[in-house]
Every structure is written in C-alpha cells, then in structure tokens.
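Presented below is the structure to which this report refers.
Any read-out appearing in this document is the output of simple, stated calculations on the displayed coordinates, not a laboratory observation. Only a predicted model underlies this, so the values are computations on that prediction, with no experimental measurement involved. Note that we place each Cβ from the backbone using ideal geometry, even for glycine, and neighbour counts take in every protein chain shown.
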Amino acid sequence: QYVDPATKAAVLPTLMAPIEPQLTDHNNDATSLAHLTAVQQKLYQWEYERWERKDIDKTIAAKHLYLIESKDTPYERLTTLKKHLAPSDATRQRDLIARYKALQTPPRGKRVEEWLRSWVEITNMCIAAEVPETMGSRAQEDFLVACRTIDPEYGTSGLRALIDLEDAGTAIPSVEDYVSKFTTYLKRVLPLSTGLSSMAAELDHPRRPKAFANAIGQKKLDAALAADNDLRDKLDKA
C-alpha cells in the first residue's frame, strides 16, 4: 500500500516493509531455483517481481539510492525522494515554458515528424498545467507562425484562416488538428524523412504559381498585424 508524501506523518498508519519471498516458501529443502518444480518456479518468480515493485529501493534509479540510505520508514523515504526529485509547480511551469518556446523555431537537421509530435506532446502538457502562453488560441497561432519558417505560404494562409475564425467567433481547431493537417500537407509535397535544412527550398506548392497572391486574405492579415503588435513581432522573427 502506497502513501501520499504530502500527508502528515502523524495521521499515517504504521506500514511494514514487504517480506521478501523465499524459495523455502515452496519447498522446505530448496536452496536454488533448480530445486523447485516448473509450477513452483513460476509462482516464486511472480511473488518476487511483485515484492520488487513494492520495495522502494528497487523502484528508483541506483544513482538516487544514497538519498534514502538513512531513512527507515516508507514515509521518510517517499518524502525525501519527493523533496529532492519532484519539481515544484513553479519549476515545472518554467520547464514547460522553456520547452514550449524551443518549439517556436524548427531546429535544422531535425526530422519534421519528431518536431510535429513534440508540438502535440508539449502543448498538451502546457495546457494541462495552465501555462498562460498556451491558453485560448495562442498555441495554434504560435504553431502557424512556426510553420511559416518551413512553408511561408502555408503558415500565412493558416494565420489568415485563424483570424477569420476569431473574428467570426467560431470554434478554433485544436493544436492536434493543426498538426494533423500540416502533417498531411507535408506528406503530399515531400517525404517526412527530409530534413528541415532542405525543406524550405523544396516546398513549392505544385498547383499554384510562385506569383500567386491572395489580395483579400493579405488585406485581412495586414489589418490584424496593425492591431496586434505581438503577432507582428512573431511574424518578423519567424
């Protein structure tokens, strides 16, 4: 039975350390596994693995064992481990913010598929932790700005569409939806195995001439940029 390290020691029941299974539990004369039948061996191994999972010493990395060498009770061991190894909420938020900001610029030489997976994974963790940078539609906007580094046309058109949705008060797709669509787009224009270093030069849409321009969309984007300096700064840095 596990205890919550946040619980006060005074209100905890006394816990006994799990008893290590012995070969003699199955055969009084056994001194090795060879002395047990096949059925007895399986039962002993199951009991031993179950015991190991309950033993705190066996469930932490060897490099951290020194932390609990002088701790006798499960409560003392768990609270010590939490103090040294579990990050505070503030520390976790700072770590998530740093990881989220690192997503803003697709690193060259890194595969696109891995970068896209990171967007979903890290933004989900940030949203669960209520990181302000990912509230509302900010994460979607940041993702599209980052997409402009890979494919300027795709990222810009996505930002225009996002602005239209915000203006209309329409529900905005999740980050997962945006990542999924961008993944599909990239699969159609080049293999996902291609590195980012060569992506920008290869991502010319096959169905549109290079001189293509969406005047209405550009006008809306210009208006949005004029009203939102933060968005303009993001685009300038992308």
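Annotation for W46 and R117: the two label points, set 7 Å from Cα along the Cα-Cβ direction, are 3.5 nm apart.
Round to the nearest 0.05 the FRET efficiency obtained for A161 and K187 when R0 = 22 Å and r is the Cβ-Cβ distance.
On the way: r = 20 Å, r/R0 = 0.91.
About 0.65, to the nearest 0.05.
Report the extension gain between S32 and Q104 in nm, rounded to one decimal, defined as 0.36 nm multiplied by the number of residues separating them, less their alpha carbon distance.
20.1 nm
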